[in-house]
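What follows is calculated from the coordinates using simple rules that are stated; it is not laboratory data. Just so we're clear, the structure is a prediction, and the values are computed from it rather than from any experiment. Note that we place each Cβ from the backbone using ideal geometry, even for glycine, and neighbour counts take in every protein chain shown.
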Amino acid sequence: MTDYTSEEKRILAYLRDSVSRGEEYFRAKNIAKAIGLSSKQVGSRLPQLAEKSEEMDIEKWGRARSTTWRVELA
């Protein structure tokens with residue numbers, strides 16, 4: 001089992017609740033606003049979670065003004 005920090009657990013819980021109906025697209029600033037972290041905190045953890053998480057597929061999807069992340073349950 002993978003060990004997660006408290007911030008990573010909060011991000012994963014938010015993503016799990018949000019993708020219950022299929023794939024969704026997120027920006028770090030929107031996740032941060034919803035769970036009370038800074039967008040920098042979320043943005044720096046999403047690539048780590050993409051590697052660590054076995055329950056969700058987290059993929060860097062596109063980059064315009066900020067990176068978009070595609071998330072779906074594995």
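With the cut-off at under 13 Å, measuring from each backbone N in region 6-23 to a point 7 Å along the Cα-to-Cβ line of residue 56 picks out 7-23.
From the P(r) of the chain, can you give the percent of Cα pairs sitting at distances over 22 Å? The answer is 11 percent, as a whole percent. Each stretch of four or more DSSP H residues adds -39500 (n - 2.57); spread over every residue of the chain, this sum gives -14500 deg cm²/dmol at 222 nm. The relative contact order of the chain, computed from alpha carbon pairs under 8 Å that lie at least 6 residues apart in sequence, is 33 percent.
Sorting 35-46, 18-29 by average packing, meaning the other beta carbons within 10 Å per residue, from highest down gives 35-46, 18-29. A Cβ-based charge dipole, computed about the Cα centre of the chain with Lys and Arg at +1 and Asp and Glu at -1, lands at about 540 debye.
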